[in-house]
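> Structure incoming, see below.
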Amino acid sequence: MANKNQVGALQKIWRYRKLLIIEPLLICVLLPFGLLSVTVMNFSLEKACRVNLGYDPSVCQILLNKKQNKIDCTGITAEDTQPRNTSLLVSEFDSNINETVCKAEIESQKLVAFMNAIRGPISSFFPIIVILFAGGWSDRNGLRKPCMALPLMGAVFSITAHIVSAVFMDAIPMEFDAIMERVIPSMFGGHMLFHVGIYSYLTETTPEKDRSFRFGIFTVFLHIMLLIGVSLSGLAYNHLGYIKVFVLCDVIFASGIIYVIFFIPEIKRKDDINEIADNKEIFTFDTCEPNYMPGETAKSFYSLVERNKKKGLLADFFDPTSVYECSKVFLKKRDNRGNLFLNLSIILTILIAAPDDQDFIYLFAMKSLKWNGDAFSAFMAYSMVIMMIGTFLMTAVFIKIFGISNPMAGFLVSFLSVISNFIKAFSNTSLLFYSAATINLFSHCKGIVINAIVSEFIDKEEIGKVFSILGITAALSRSVFPLLYSFVYGKTLETFPGAIFLMSEIFLIPSTILFGIIHFMIKNHKKKMAEKEKGVADEKPFEGKNETNTVKSES
């Protein structure tokens with residue numbers, strides 16, 4: 001009997017292994033992304049310092065580790081700095097080393113912030129074009145894997161460009177790396193197209209009642225991989241250096257492409273509509289069949305969409321009707337005021353995507369908290385752990401077990417983010433900054449909640465189009481506001497660098513209010529529907545009596 005129970009438990013574990021087919025891909029995506037976090041930021045600062053501003057390499061190396069070298073930049077400004085004339089050899093014992101390093105830091109950070117503003121709109125343009133056509137193409141052809149593989153190809157080319165730049169360290173300027181880091185991946189759709197493919201795949205293979213929970217499991221795995229990568233980022237930078245880290249991450253990204261092609265099954269198209277109608281098998285987390293695989297038994301909607309005549313790949317992908325189909329999704333009439341909630345979700349996406357202070361956390365921590373790469377790596381690891389715990393609590397406990405609504409979850413998440421950003425803005429110690437990160441433990445649930453709300457009001461054949469529109473909306477938002485953030489950081493860097501976090505409150509406060517409005521709208525709508533159904537149920541017995549009396553009188 002004990003052996004049978006053990007076999008049953010092992011079978012159950014094996015079944016769940018089959019359900020989590022997407023999660024291993026995150027090892028090849030988020031692990032190198034985390035590993036690159038410290039290396040890429042230090043690479044940009046050192047390039048700006050050495051190549052663009054002409055400081056001596058020894059100054060630029062000390063800049064990246066001020067606390068260990070006992071550099072204090074309190075009260076030092078860059079008003080009289082002549083950066084391009086400061087290429088004199090400066091030793092660690094030079095009496096002016098403190099002032100020189102501080103001036104180099106201010107000038108380098110301003111240059112990096114300026115390049116963040118320049119590359120933001122450029123890197124947002126290409127995903128908008130790609131995603132605009134990719135959603136419709138993916139729905140028409142029933143293909144999700146290309147949406148996952150193309151961004152990984154972009155990452156491989158981007159890191160290869162970094163390797164070339166690291167080999168010619170003193171010849172290639174920082175602008176080359178800043179552009180290549182974002183523009184090349186964006187030409188292949190970037191992380192936005194990757195999310196469209198992932199969430200479309202998960203939405204199609206998961207019933208509505210389990211989607212928040214399923215998205216939550218995916219996000220927890222995402223945080224685990226990021227946690228591992230970020231935790232090792234400082235160590236990798238210190239022990240491997242730029243070139244070896246870039247090569248290692250290039251290999252891992254390439255492995256991800258191989259995994260997508262050979263190990264993730266595509267959702268199969270059913271050519272017979274009647275066959276689909278008879279196919280009742282569907283995935284749930286409560287009960288799962290032993291032989292379930294997403295590509296084999298999932299109910300597919302693709303045969304319900306008429307297949308176009310054969311076209312060339314490029315002609316099919318850039319079909320102008322895709323743009324019309326995507327826009328039509330948000331204009332068509334829906335039951336239960338679904339079109340209103342979809343349009344509100346676009347506004348929420350703008351408000352959630354607009355805050356662009358993440359690119360400035362490392363710069364802020366270097367300037368105000370005197371952190372180096374190791375300290376930042378430890379903070380990011382802590383943040384990942386906290387956010388992973390928060391995501392699990394929100395999706396598996398508050399939503400799945402206690403049943404709080406998705407809009408109410410979004411309200412709670414945004415409200416805590418408002419408090420967290422206010423504390424970050426005035427943080428002058430590591431303890432305060434860590435406290436702010438702890439309060440913001442549900443931060444990554446915003447996207448989960450919006451996707452779950454949207455999925456309640458759309459049909460399966462609209463999944464790719466809707467997520468494409470949301471991706472385009474986020475891309476447009478990110479193309480505009482980086483300019484504003486860079487301008488504010490550049491102006492407040494020497495006086496109040498924390499102002500960059502207060503900028504985000506302009507978007508977080510309205511998103512909190514809008515989540516609350518959506519919650520009460522849905523709650524009132526469900527209440528009216530329940531009262532209407534109750535009224536219909538109360539009328540039926542009365543109608544039955546009238547029919548009985550009529551029959552008696554006729555007899």
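Coordinate-derived values only; no laboratory data. Small disclaimer: the values here were computed from a predicted structure and weren't measured. Note that we place each Cβ from the backbone using ideal geometry, even for glycine, and neighbour counts take in every protein chain shown.
> Work out how far the C-alpha atoms of segment 162-202 reach from end to end along every principal axis, then list the three figures in whole Å, largest first.
Rounded to whole Å, the extents work out to 45, 14, 10 Å.
> Describe numerically, in nm with one decimal, the distance between label points set 7 Å from Cα along Cα→Cβ at Asn428 and at Ser327.
5.3 nm
> Please turn the phi angles of segment 365-370 into ³J(HN,Hα) values with the Karplus equation 6.51 cos²θ - 1.76 cosθ + 1.60 (θ = phi - 60°), one per residue in order, whole Hz, x for glycine and proline.
Listing the rounded values in order: 5, 5, 6, 8, 10, 6 Hz.
> Relative contact order for segment 117-202 using alpha-carbon pairs under 8 Å, separation at least 6, rounded to a whole percent?
On the way: 91 pairs, mean separation 43.6, N = 86.
Relative CO of segment 117-202 lands at 51 percent.
> At 4 °C and 1.567 mPa s, grab the translational diffusion coefficient of segment 379-532 from Stokes-Einstein with a Kirkwood Rh over Cα pairs, rounded to a whole number in µm² per second.
On the way: Rh = 17.4 Å.
Calculated translational D: 74 µm²/s.
> Just need the relative contact order of segment 119-258 here, percent rounded to a whole number, with Cα pairs under 8 Å and 6+ apart. If you can, show how the numbers build up before the last one.
Values: 128 pairs, mean separation 52.5, N = 140.
The normalised contact order for segment 119-258 reaches 38 percent.
> At a Förster radius of 22 Å, what calculated FRET efficiency corresponds to the Cβ-Cβ distance of Ile129 and Ser255, to the nearest 0.05? Intermediate results must be reported in sequence, preceding the final value.
On the way: r = 28 Å, r/R0 = 1.28.
E(calc), rounded to 0.05, equals 0.20.
> Rounded to the nearest 0.05, what FRET efficiency do Leu235 and Ile506 give with R0 = 22 Å and r taken as the Cβ-Cβ distance? Could you check?
That pair, Leu235 with Ile506, gives E of 0.05.
> Put a dot 7 Å past each Cα toward the Cβ at Phe262 and Tyr382; how far apart are the dots in nm?
The modelled label-to-label distance comes out at 4.2 nm.
> Further, regarding this structure: Provide the per-residue ³J(HN,Hα) series for segment 171-188, in order, calculated from phi with Karplus coefficients 6.51, -1.76, 1.60 and θ = phi - 60°, each as a whole number of Hz, with x at glycine and proline positions.
Those phi angles translate into 10, 8, x, 5, 4, 4, 5, 4, 6, 5, 5, 10, 6, 4, x, 5, 5, 9 Hz.
> Apply the Debye scattering formula to segment 414-464, with a single equal point scatterer on each alpha-carbon and no solvent, then give log10 I(q)/I(0) at q = 0.12, 0.13 Å⁻¹.
The Debye formula, applied to the Cα set alone, gives -0.41, -0.45.
> Please go through segment 336-420 and write out the chymotrypsin sites (Phe, Trp or Tyr not before Pro) that DSSP classes as loop and that have at most 16 other C-beta atoms within 10 Å. Write out the running numbers ahead of the final one.
On the way: sites: Phe341, Phe360, Tyr362, Phe364, Trp371, Phe376, Phe379, Tyr382, Phe392, Phe398, Phe402, Phe411, Phe415; in loops: Trp371, Phe402.
Passing sites in segment 336-420 are Phe402.
> Can you give me the distance in nm between label points at Ile513 and Glu533, each placed 7 Å from the Cα along the Cα-to-Cβ direction?
3.4 nm
> Let me ask something else. So for Val183, Val164, fewest C-beta neighbours within 10 Å to most, what's the order?
Val164, Val183
> Provide the per-residue ³J(HN,Hα) series for segment 46-61, in order, calculated from phi with Karplus coefficients 6.51, -1.76, 1.60 and θ = phi - 60°, each as a whole number of Hz, with x at glycine and proline positions.
With coefficients 6.51, -1.76 and 1.60, one gets 5, 4, 4, 5, 7, 8, 6, 9, x, 6, 5, x, 5, 5, 5, 5 Hz.
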